[in-house]
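Q: Dumping the structure here so I can ask a few things about it.
The values are calculated or read from the model by the stated rules, or taken from the named source; none is laboratory data. Please read these numbers as outputs of a predicted model, since none were measured by experiment. Neighbour counts are summed over all protein chains in view; Cβ atoms, including those assigned to glycine, are modelled from backbone coordinates with ideal geometry. Heads up: the accessible areas ignore ligands, DNA and RNA and are worked out on the full protein's heavy atoms, side chains in. Shrake-Rupley method; radii C 1.70, N 1.55, O 1.52, S 1.80 Å.
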Amino acid sequence: MKIQLQIKMNEALFLRNPEATELGKKIIKHSIQLIYKSGFEVFTFKKLAEDIGTTEAGVYRYFENKHKLLIYLTSWYWGWVEFQINFHTNNLKDPIVKLKRIIELLASTIEDDEQTSYVNESLLHQIVIAEGSKAYLTKQVGEDNKQQFFKPYKDLCAVIGNIILDCSSEYKYPKSLASTIIEMAHFQNFFMYNLPSLTDFGKTKEEAEIIAFLNDLVFSSIKRN
């Protein structure tokens, strides 16, 4: 039996729950496709409405602006990643094995999850790599933070940070290392394909090398503590 994955979203991000209607699901599905294809800067609700075959006003009934839509998409992604980490590490007892599995998950290509027909996680992963930082690198980040828009990302970092502490209880920087693992996995992937001189993986284009680099970085840091 297929279990329908449900990720609880911050209700302040939307005016109407997009997961509750077919139009809302189309908004999520097509926004991911358009942002992946053309980039967030040129993405507009007008283009989204035309792509879906609805009115621009119809899109605005769900989201106040495209900034909140981007936060919605990235927040959904972080919630989905946390679910995947819990699922794939649930039966692992050794925290070192758990942490290595997490690094592998974060640095590997993601396939579309059939449990969510209106979300293409493979495309969303690429959006988060290329556009995700735009969700919080804004002037209103403080206000957005007060509304707990970034809680899914923080929760994910807390999960990883706790596993780091399980590996080395005296390590002083579990939260910093957790967020570094996530961001570094994304940066190195982006650099590998777009700015190869900023990595050691530009020629091979092998994700396995990014995984090996992150393992070296993480476990060298923990051991030195």
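Q: Could you list, in sequence order, the residues of the range 19-46 that are of a type in the set (S, T, N, Q) and closer than 16 Å to GLU121 by Cβ?
A: Within the range 19-46, SER31, GLN33 meet the criteria.
Q: Would you mind listing the helices (runs of 4 or more DSSP H) fully within the range 3-92 where at least 2 residues are touching a Ser or Thr at 6+ places or on another chain (Cβ under 6 Å)?
A: Result: 45-52.
Q: Still on this structure: Scan the range 180-208 for residues that are open to solvent by 60 Å² or more (accessible area, probe 1.4 Å) and within 22 Å of ILE96 (Cα to Cα) and report the count.
A: 1
Q: Looking at the range 10-30, can you tell me whether even one residue there is among the hydroxyl-bearing types (Ser, Thr, Tyr) and touching a helix residue (DSSP H, G or I) at 6+ places or on another chain (Cβ under 7 Å)?
A: Among the residues of the range 10-30, not one is among the hydroxyl-bearing types (Ser, Thr, Tyr) and touching a helix residue (DSSP H, G or I) at 6+ places or on another chain (Cβ under 7 Å), which makes the answer no.
Q: For the range 112-124, does any single residue satisfy the condition of being more than 23 Å from GLU19 (Cα to Cα) and either of a type in the set (Gly, Ala, Ser) or surrounded by fewer than 13 Cβ atoms within 10 Å (Cβ to Cβ) (or both)?
A: Checked the range 112-124: no residue is more than 23 Å from GLU19 (Cα to Cα) and either of a type in the set (Gly, Ala, Ser) or surrounded by fewer than 13 Cβ atoms within 10 Å (Cβ to Cβ) (or both).
Q: If you take just the helices (runs of 4 or more DSSP H) that sit entirely in the range 100-188, which of them hold at least 2 residues that are in contact (Cβ under 8 Å) with a residue 24 or more places away in the chain and under 12 Å from the mean Cα position of the chain (by Cα)?
A: Of the helices (runs of 4 or more DSSP H) lying wholly inside the range 100-188, those with at least 2 residues that are in contact (Cβ under 8 Å) with a residue 24 or more places away in the chain and under 12 Å from the mean Cα position of the chain (by Cα) span 121-131, 151-167.
Q: Tell me the residue from GLU114, GLU104, GLU56 that is touching a Lys or Arg at 6+ places or on another chain (Cβ under 6 Å) and among the acidic types (Asp, Glu), please.
A: Of the residues listed, the single one that is touching a Lys or Arg at 6+ places or on another chain (Cβ under 6 Å) and among the acidic types (Asp, Glu) is GLU56.
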